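The values are calculated or read from the model by the stated rules, or taken from the named source; none is laboratory data. Remember, it's a predicted structure, so these values are computed and weren't measured experimentally. Every residue, glycine as well, gets a Cβ built from its backbone with ideal geometry; the counts of neighbours run over all protein chains shown. The accessibility values were calculated without ligands, DNA or RNA, using every heavy atom of the protein model including side chains. Shrake-Rupley method; radii C 1.70, N 1.55, O 1.52, S 1.80 Å.
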Amino acid sequence: MAEETPTMLTYVEQTPAQLKLNVERSEELTAELVDLYAQKPCHSIWIVACGSSSNGSQCARYFMMKYLKREVKIVSPATFIYGEHDLHEDDFVFVISQSGCSTNSIEALDELRKLGVTAIGLTGNVDSDFKDHADLVVDYGVGEETVSYVTKGVATLAQFLMLFAIEAGARTGIVSPEQRAELLNEMADAPRRHEIVQQETWDLYKRHQADFTSMTVVNHCGFLQGYGIACEGALKFGETIQIPSFAYEGEEWIHGPNLQLTPNYTVVCVDHLTEGADRIVDIYLAARTVTDHAFIVTNSERVDDDHAIRLPFEIKEPLMMPLYVLPFYQIIAHQATTDLHRWEKHPLFEERFRKAISTKTDTIDQIMPN
Ligand SMILES: O=P(O)(O)OC[C@H]1O[C@](O)(CO)[C@@H](O)[C@@H]1O
């Protein structure tokens, strides 16, 4: 029997097993990057990445800052190449591309070489074009993912960056052995939590299928790691459902973009579960006064269950939550696109835009044929 073509959902469902495998081989998985990091005291960390690779980094950013006690800067490859590359001599820089085929990320590796800096490329495909442009190619451990609307790759990237922070922190004496053990122990529960969120999302989707298949404009809000998750949600909804979909830091949303709110808008909030959590709930409740199409990931009792995704487990380190909250967005993006028969793009986009400008090398057709 012919094998079924994998979909986004195939890889959402594979994510818990990959998260489990990777946390169990934390030290080995991150060793190459940790060795380089520990060679000399680091000033700041720069991550150069676009799209989901940038969002996965945004999801891990505050965890990395907390456990490495360093600034972590995320810059898009073009911005880096065109001018924002004034590196301090002790800065630690790497470029991320899951496919290893994004032309802007490949050029950022070339830019690093021009600047005389070791060009480190973090990727899910070590045999991609990255290998011809990097001094060191590091595999972040996604396993296989052949669908270009990446899902497993985003969660495992965020996990890799968090594991890197734990192991580099432990190696440089910032993270104690007890802290390391506690963090890895909680991360070992992320696969189970991921499965719970998958189920919660299917329940929410079934209750609100009419809402999720009638969205016209979506505004996504969150703070800190909640903002990272919202950024990835905005990208996925935009890429797949093909509707205007934007992410805002919560307070930024209510300082302007909220002025366009109508009962037709969809608003999605992600509670980051620490200081400021009340504020995101306030923002969600304010949005609900105008539109019924408002949803939130939260454990707050101020919010009714009907519009909420709950996280019914003991969370000690909320900065880790992207590892198991991302499927909320991924499942809705997949299912709404499927229900709406919206996988095809506009014919002029296919015929003209794709020919007018490219963002990936030709190798992408072998790496992500689906
Ligand atoms: O991580 P990569 O492979 O560089 O891709 C970055 C982004 O490019 C896209 O494939 C669009 O070209 C996005 O789906 C993806 O998030």
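Here are the numbers for the structure shown:
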| read-out | value |
| --- | --- |
| Verdict on residue 54 being at pLDDT 95 or above, within 16 Å of the ligand (Cβ to nearest atom) and of a type in the set (Ser, Thr, Tyr) | yes |
| Complete set of residues in region 62-90 that are open to solvent by 20 Å² or more (accessible area, probe 1.4 Å) and either within 16 Å of the ligand (Cβ to nearest atom) or among the aliphatic types (A, V, I, L, M) (or both) | 65, 74, 76, 78, 79, 81, 87 |
| Residue within region 322-330 that is away from the ligand (no atom under 16 Å from the Cβ), in contact with a Ser or Thr (Cβ under 6 Å, 6 or more places away or on another chain), open to solvent by 50 Å² or more (accessible area, probe 1.4 Å) and within 17 Å of residue 220 (Cα to Cα) present | no |
| Residue among 9, 21 that is touching a Ser or Thr at 6+ places or on another chain (Cβ under 9 Å) and open to solvent by 10 Å² or more (accessible area, probe 1.4 Å) | 9 |
| Top-ranked residue in region 129-141 [being of a type outside the set (D, E, K, R), part of a loop (DSSP other than H, G, I, E, B) and surrounded by fewer than 24 Cβ atoms within 10 Å (Cβ to Cβ); ranked as farthest from the chain's Cα centre (by Cα)] | 133 |
| Of all residues in region 232-249 being farther than 15 Å from residue 149 by Cβ and not acidic (Asp, Glu), the one that is most open to solvent (accessible area, probe 1.4 Å) | 246 |
| Pair list, Cβ under 8 Å, 6 or more apart: region 20-33 residue in a helix (DSSP H, G or I), other residue among the β-branched types (Val, Ile, Thr) | 22/156; 26/166; 32/138; 33/120; 33/138 |
| Residue tally, condition assigned to a loop (DSSP other than H, G, I, E, B) and either without any contact (Cβ under 8 Å) to a residue 12 or more places away in the chain or more than 20 Å from residue 229 (Cβ to Cβ) (or both), over region 53-84 | 4 |
| Verdict on residue 41 being in contact with a Ser or Thr (Cβ under 9 Å, 6 or more places away or on another chain), in the same structural domain as residue 169 (by TED's automatic domain parsing) and surrounded by fewer than 23 Cβ atoms within 10 Å (Cβ to Cβ) | yes |
| Test set (1) open to solvent by 10 Å² or more (accessible area, probe 1.4 Å); (2) more than 26 Å from residue 150 (Cβ to Cβ) - residue 273 fails condition number | (2) |
| Any pair with Cβ under 7 angstrom, 6 or more apart, that starts in region 167-193 at a residue that is closer than 12 Å to residue 316 by Cα and ends at one that is of a type in the set (D, E, K, R) and open to solvent by less than 40 Å² (accessible area, probe 1.4 Å) | 183/317; 186/317 |
| Residue within region 202-224 that is hydroxyl-bearing (Ser, Thr, Tyr), under 18 Å from the mean Cα position of the chain (by Cα) and either open to solvent by 50 Å² or more (accessible area, probe 1.4 Å) or closer than 22 Å to residue 302 by Cβ (or both) present | no |
| Per-region count, region 330-359, residues outside any helix (DSSP H, G or I) and modelled with pLDDT of 95 or more | 9 |
| Considering residues of region 106-126 that are touching a residue at least 24 places away in the same chain (Cβ under 8 Å) and open to solvent by 50 Å² or more (accessible area, probe 1.4 Å) only, the residue nearest to residue 37 (Cα to Cα) | 118 |
